[in-house]
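Notes follow once the structure below has been shown.
Laboratory data are not the source of any read-out in this text; all were calculated from the coordinates shown. Everything quoted here is computed from the prediction, not taken from an experiment. Neighbour counts run over all protein chains shown; Cβ positions are idealised from the backbone, glycine included.
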Amino acid sequence: MKRFLRGFILLAAAVSIAFLSGCSTVPYTKRSRLLLTREQAENELGRQAWEKMLFEAKISTNKKYNAALLRVGKNIAAVSGKPEYNWEFRVFVNQQANAFCLPGGKVGATSSLFDFTANDAELATVVGHEIAHALARHGGERMSHGLLQSIGSEAVSYATEEPMFVTAFGLLSNVAAVLPYSRVHEYEADYIGLMLMAKAGYYPRAALSFWEKFGEKDNDQRLLELLSTHPMSKKRLEEMKTMLPKAREYYDRALKKRGFGEKL
């Protein structure tokens, strides 16, 4: 009984600390989030991962691709509200179509992604979405939830000494908390990404044409990696359509209207 009580106290203390010290809101959506990590530490992890990638991965020498990513990336970074980020943009040679933004503003895209972007605005759709993940600090949020999940498992293990209960807790917490948050993050990045590309002067409706194109080509091997982390569904596309009026407001207020931008 004493062991169970100690485990319960450990779990309760961890949850209390989390809610007292880690709650904040996401920019644009104002969703409450749990953050137990410092942004500086997240950015340092991003920098380390970026340096490793630059050393190990093959960087594309395609001038057109690199110029497009730099052009679009800088325009979105300029309206991101993160001048303190050390922004960098690189195209990597890879047969899988994908893009990412590490904490601290390290943006990468694969060369195969450009096979599916007809113009700057479609590229801005992907870049804006990935930068949105970094601005919302989704990585830090996932780490925070992972930390609480780990503490919870330790508490259950300490209280019960039954592996079955520990396994059950891990499965339950993953299904009930971690996986739903990944879906929340994707919808949130869709919204923030639309606002960012619109603020940068790119026509936001290009996002629909891009993602619809991906949904139609989900049998293409080059798209499997992107679709595994950004699954397109009719519901998600419908949700995106409801975001367009707000994005249009940002577009109308943009200092420079770039429209669809340059053809790629």
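Being surrounded by fewer than 24 Cβ atoms within 10 Å (Cβ to Cβ) and under 12 Å from Ala99 (Cα atoms) is the filter here; which residues of segment 126-137 pass it? Selection gives Glu130, His133. Scanning segment 77-103 for residues that are buried (at least 23 other Cβ atoms within 10 Å of the Cβ) and more than 21 Å from Ala206 (Cβ to Cβ) returns a single hit, Pro103. Among the strands (runs of 3 or more DSSP E) confined to segment 31-114, the ones with at least 2 residues that are in contact with an Asp or Glu (Cβ under 7 Å, 6 or more places away or on another chain) and under 22 Å from Trp211 (Cα atoms) are located at 99-102.
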